[in-house]
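Take a look at the structure below.
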Amino acid sequence: MKVLVVGPGGREHAIVRSLLADPYVSEVHAAPGNAGIAQIVPVHSLNASDPAAVTELAVRLGADLVVVGPEAPLAAGVSDAVREAGIPVFGPSKEAAQLEASKAFAKQVMAAANVPTAMARVAANADEAADALDTFGAPYVVKDDGLAAGKGVVVTSDRGEALAHAAACFEAGGTVVIEEYLDGPEVSLFVLSDGRHVVPLAPAQDFKRIFDNDEGPNTGGMGAYSPLEWAPANLVDDVIARVAQPTVDEMAARGTPFVGVLYCGLALTSRGMRVIEFNARFGDPETQAVLARLKTPLGGLLLAAAKCELDAMEQLKWDPRTAVAVVVASANYPDAPRTGDPILGLVEAEAIDGVHVLHAGTSLEANEIVSAGGRVLAVVALGEDLAQARDLAYAGVAEIGLEGSQHRTDIALKASRSEIVVPAGSAGVDNEKGLL
Ligand code: AMP
Ligand code: GLY
């Protein structure tokens, strides 16, 4: 089987790496990829969000499967175009990708499917925003309705800051979703869907803020680990029963079946499990941790999803070890990342047993690998337990030389010290409607 992976980031590097380990995959191509991906498979430079360009490449390569990584190509209709050309594609249609591209749409689907989520209101102007903020009270949660690479959400106790974020979104011509604050630990669960059947991967936890102790602005994600020893035993079953299957059923009933990965961003609150957000794709950097442990060949799994054959899949197999991924970001990320700096120590980091490096924002210039984006790479380690995986990942990070680079030092730290508190009754409780 020949597979084309679309996208430029760390998630795509992880997907490519796993596909290469699948004995049924004979050839992998990536477009546009990055410097790390280019070291292991042929890459093709194109605009990943151009449906015609991606389709033309897939046809030319004779791809048996196209895997679309990021949200922008999905929202641009890349999957639709490839599917129309008769090539199986892992990634939802433009319409189904609205589950991520529009937070208001996602809220409507959740309400229709009775999926537990934060109570929310859509606001289109300053008065509506102020009214909604006062309905829910502090801490305030204000979300840009459109795609914002994980950076369109402001969570603050400062009403002025909340209003200012809403005003900036209105200024840009958008609307906002304002919702109740969800307490409790967060979980990312990837659920593969073929439009009818669902198969969950292992849960992971992401670290959204730029600084240690969850301080500073939100980013695309600064690190991840999997599995979650502290998660309630019935969590995955509960998410399938009350979130993923009802959502997939609702999308099918609307005539827009969801084929791809439904990323369920969850909070385990004292009032029960709640969906924080849906994404229509694998999460980054959770994928780097989750796929490091997946032993079931990835190509067959994604092809089964693309061909509506997930019900025929055997139980997934997992490496019993724990994976930790630590992101190394460039100076000034997430505001105005500095790029073009040489990256040193890649070979040394990978020489550590149990460690591999996945590139995100990197490019090759004059035979030198340089930073080319905000999140530059992730160092991924497998260990016998969280403490060992953390030690190995940070030993890898210590080898990386990138001027001004930033990384969090507390990825998976609380979990490794058993300090994560799951509110009693957070799984399997009530089922409020999500829209006021
Ligand atoms: P999102 O883009 O919706 O995933 O939001 C980014 C991050 O903002 C989430 O991972 C949470 O950490 C935080 N967040 C979003 N919605 C809420 C909420 N209702 N309550 C508390 N934190 C939230
Ligand atoms: N790590 C969060 C995301 O991929 O949206």
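The values are calculated or read from the model by the stated rules, or taken from the named source; none is laboratory data. Note that the structure is predicted; figures quoted are calculated from it, not measured. FYI the Cβ positions are ideal-geometry reconstructions off the backbone, even for glycines, and counts take in every protein chain you see.
Tabulated data for the structure shown
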| item | result |
| --- | --- |
| Test result for LEU163, at pLDDT 95 or above, within 16 Å of ligand 2 (Cβ to nearest atom) and not in a strand (DSSP E or B) | no |
| Criterion: among the polar types (S, T, N, Q) and out of contact with any Gly (no Cβ under 8 Å at 6 or more places or on another chain) - qualifying residue of SER188, SER226, SER193 | SER226 |
| Matching option when the condition is closer than 22 Å to PRO116 by Cβ and within 16 Å of ligand 1 (Cβ to nearest atom), among PRO246, PRO203, PRO232 | PRO203 |
| Pairs where the first residue, in segment 267-295, is free of Cβ contacts under 8 Å to residues at least 60 places away in the same chain and farther than 18 Å from ASP183 by Cα and the second is of a type in the set (Lys, Arg) and within 14 Å of ligand 2 (Cβ to nearest atom), C-beta under 6 Å, 6+ apart | none |
| Residues satisfying the stated conditions in segment 172-190, i.e. closer than 30 Å to ALA306 by Cβ and surrounded by fewer than 23 Cβ atoms within 10 Å (Cβ to Cβ) | GLU186 |
| Residue tally, condition among the polar types (S, T, N, Q) and more than 13 Å from ligand 1 (Cβ to nearest atom), over segment 257-269 | 0 |
| Any hit, segment 134-146, residues being farther than 27 Å from ARG242 by Cα and away from ligand 1 (no atom under 14 Å from the Cβ) | yes |
| Segment 283-308 - residue that is under 22 Å from PRO70 (Cβ atoms), touching a strand residue (DSSP E or B) at 6+ places or on another chain (Cβ under 7 Å) and not hydrophobic (A, V, I, L, M, F, W, C) and, of those, nearest to ligand 1 (Cβ to nearest atom) | GLY283 |
| Subset of segment 76-92 that is more than 15 Å from TYR263 (Cα to Cα) and in contact (Cβ under 8 Å) with a residue 60 or more places away in the chain - its residue that is surrounded by the fewest Cβ atoms within 10 Å (Cβ to Cβ) | PRO88 |
| Any hit, segment 172-184, residues being in a strand (DSSP E or B), out of contact with any strand residue (DSSP E or B) (no Cβ under 7 Å at 6 or more places or on another chain) and either over 20 Å from ALA106 (Cβ atoms) or of a type outside the set (D, E, K, R) (or both) | no |
| Cβ-Cβ under 8 Å pairs, at least 6 apart or on other chains, segment 198-211 side over 10 Å from GLY223 (Cβ atoms), far side of a type in the set (Phe, Trp, Tyr) and away from ligand 2 (no atom under 13 Å from the Cβ) | ALA202/TRP318; ILE210/TYR333 |
| Of all residues in segment 281-329 being out of contact with any Leu (no Cβ under 7 Å at 6 or more places or on another chain) and among the polar types (S, T, N, Q), the one that is farthest from ligand 2 (Cβ to nearest atom) | GLN315 |
| Selection within segment 42-71 - farther than 11 Å from VAL3 by Cβ, under 23 Å from the mean Cα position of the chain (by Cα) and β-branched (Val, Ile, Thr) | VAL43, VAL54, VAL68 |
| Residue match in segment 102-111 (condition: more than 16 Å from ligand 2 (Cβ to nearest atom), β-branched (Val, Ile, Thr) and surrounded by 19 or more Cβ atoms within 10 Å (Cβ to Cβ)) | yes |
| Members of segment 1-49 found to be of a type in the set (S, T, N, Q) and either under 27 Å from LEU316 (Cβ atoms) or touching a residue at least 24 places away in the same chain (Cβ under 8 Å) (or both), listed by number | SER18, SER26, ASN34, SER49 |
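A quick yes/no check of all residues on (1) touching a strand residue (DSSP E or B) at 6+ places or on another chain (Cβ under 6 Å); (2) buried (at least 16 other Cβ atoms within 10 Å of the Cβ):
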{"residue": "MET1", "(1), (2)": "no, yes"}
{"residue": "LEU19", "(1), (2)": "yes, yes"}
{"residue": "VAL43", "(1), (2)": "yes, yes"}
{"residue": "ASN47", "(1), (2)": "no, no"}
{"residue": "THR55", "(1), (2)": "no, yes"}
